[in-house]
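Participant: To start, I am sharing the structure in question, which I have written as structure tokens.
The values are calculated or read from the model by the stated rules, or taken from the named source; none is laboratory data. Remember, predicted model here, so these are calculated numbers, not experimental data. Don't worry about glycine lacking a Cβ; one is built from the backbone with ideal geometry, like all the others, and counts go over all protein chains shown.
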């Protein structure tokens, strides 16, 4: 019996040894950072926080997120960097189609197309995010840096956008918008609010762009009727970078040296801003007709109306205009271009104070270009615009965003 047990024990030991010495199962390969991040975005659950550690992380394909309630958080816009310098696939850096989205404390650099695009989302918070094309102001750069579109309840704050070939911070076809405490530099348009309603743009620095801040309404888009934007307490200076937009882009018509441009938008309040040394003009107000393009959209209103400009400060500007009508005006007068330029185009029967009202702007100067009459008789008389309009309402977002 003892011998039998001994033989059984030896047999078990040999079998165990043979199993231990058998062929090893291949280990699962470790995911690199890009693969791991892609997987986290795909498998994310509502309420999850995805952390981006400090460092420069090379990303070669577009990232996307379609789960509501997710936060993407880095260690700082100059510490956690998603670099798309070697991107080989995809049209954006990060595309988000999800509600209740938060992204903060990271940078997205050198994407082939748009850096951060958010589409059809509600409750979007973009905080301390930097988008940048590090090679400078190049036509080959992506169009948009921070780019929410067809969305609502949008907060963009404490962010930086550099080098976009269209707009650094662009909010389009959206409503209930705040853009604040951000810096835009070396973009064609620094900040652009387009075909949108109820926006507050304040406490930003717009410098060294082609145009500092644009408020546009364009035809042939699903959402039209841009109105109710307040632009206030911004520093808008030295926006004199040559226009580097790709040919055919509407922002390609923005003259270098534009501080603020309002195109075909209504109910705009501009106040408390410092305009400094924008070489074409500090403020330009125009109809869509200024582009010389046909309008084939029967629902489109091409005229700006109810623009209230008050309590701003103007220093310099208008010295070297990048616009044929403005250059001809300067040649004729021998003076710099006035602080506020209006093309003078309005619906028949509309009075001057239906279009523009000015108050408490110090020694601000003005010109009506008389564009609808081929610039035949520009006028510098502001009397028709010495008026005020009711202040627009403050934009309020959700408690989590405020």
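Participant: Given the conditions (1) buried (at least 24 other Cβ atoms within 10 Å of the Cβ); (2) within 21 Å of residue 401 (Cβ to Cβ), which single one is not true for residue 73?
Facilitator: (1)
Participant: Which residue out of 259, 212 is within 17 Å of the chain's Cα centre (by Cα), free of Cβ contacts under 8 Å to residues at least 60 places away in the same chain and not in a loop (DSSP other than H, G, I, E, B)?
Facilitator: Result: 259 is the single residue among 259, 212 that is within 17 Å of the chain's Cα centre (by Cα), free of Cβ contacts under 8 Å to residues at least 60 places away in the same chain and not in a loop (DSSP other than H, G, I, E, B).
Participant: Report those strands (runs of 3 or more DSSP E) wholly inside the stretch 268-331 carrying at least 2 residues which are crowded, with 24+ Cβ neighbours inside 10 Å and in contact with a strand residue (DSSP E or B) (Cβ under 6 Å, 6 or more places away or on another chain).
Facilitator: Those strands (runs of 3 or more DSSP E) span 281-286, 305-310.
Participant: If you check residue 129 against the conditions, is it touching a strand residue (DSSP E or B) at 6+ places or on another chain (Cβ under 7 Å) and in contact (Cβ under 8 Å) with a residue 40 or more places away in the chain?
Facilitator: yes
Participant: Do we have residue 338 as crowded, with 16+ Cβ neighbours inside 10 Å, in a loop (DSSP other than H, G, I, E, B), in contact with a helix residue (DSSP H, G or I) (Cβ under 8 Å, 6 or more places away or on another chain) and modelled with pLDDT of 95 or more here?
Facilitator: For residue 338, the condition - crowded, with 16+ Cβ neighbours inside 10 Å, in a loop (DSSP other than H, G, I, E, B), in contact with a helix residue (DSSP H, G or I) (Cβ under 8 Å, 6 or more places away or on another chain) and modelled with pLDDT of 95 or more - is not met.
Participant: What about residue 47, is it in a loop (DSSP other than H, G, I, E, B), on the phi > 0 side of the Ramachandran plot and out of contact with any helix residue (DSSP H, G or I) (no Cβ under 8 Å at 6 or more places or on another chain)?
Facilitator: yes
Participant: Might you let me know whether the stretch 226-237 holds any residue that is farther than 21 Å from residue 156 by Cβ and out of contact with any helix residue (DSSP H, G or I) (no Cβ under 6 Å at 6 or more places or on another chain)?
Facilitator: no
Participant: Can you report the number of residues in the stretch 50-67 which are in a loop (DSSP other than H, G, I, E, B) and surrounded by 16 or more Cβ atoms within 10 Å (Cβ to Cβ)?
Facilitator: 3
Participant: Please go through the stretch 354-377 and pick out each residue that is modelled with pLDDT under 95 and either over 31 Å from the mean Cα position of the chain (by Cα) or over 23 Å from residue 228 (Cβ atoms) (or both).
Facilitator: If the condition is that a residue be modelled with pLDDT under 95 and either over 31 Å from the mean Cα position of the chain (by Cα) or over 23 Å from residue 228 (Cβ atoms) (or both), then 370, 371, 372, 373, 374, 375, 376, 377 are the ones that fit.
Participant: So residue 361 passes all but one of these: (1) within 16 Å of residue 308 (Cα to Cα); (2) not in a loop (DSSP other than H, G, I, E, B). Which condition number does it fail?
Facilitator: Result: residue 361 passes all but (2).
Participant: Something else now. Please work out which residue is surrounded by the most Cβ atoms within 10 Å (Cβ to Cβ), limiting yourself to the stretch 372-402 and to residues that are touching a helix residue (DSSP H, G or I) at 6+ places or on another chain (Cβ under 6 Å) and not in a loop (DSSP other than H, G, I, E, B).
Facilitator: Of everything passing the filter in the stretch 372-402, 385 is surrounded by the most Cβ atoms within 10 Å (Cβ to Cβ).
Participant: Between a first residue in the stretch 384-401 that is under 17 Å from residue 230 (Cβ atoms) and a second residue that is surrounded by fewer than 17 Cβ atoms within 10 Å (Cβ to Cβ), which pairs have beta carbons less than 8 Å apart while being 6 or more apart in sequence or on different chains?
Facilitator: 388/359; 396/402
Participant: Only one of (1) out of contact with any helix residue (DSSP H, G or I) (no Cβ under 6 Å at 6 or more places or on another chain); (2) at pLDDT 95 or above; (3) within 19 Å of residue 133 (Cβ to Cβ); (4) not in a strand (DSSP E or B) is not met by residue 192, so which one is it?
Facilitator: Condition (4) is where residue 192 drops out.
Participant: To continue, here is another question. Count, please, the residues in the stretch 215-230 that happen to be at pLDDT below 95 and not in a loop (DSSP other than H, G, I, E, B).
Facilitator: Here the count works out to 0.
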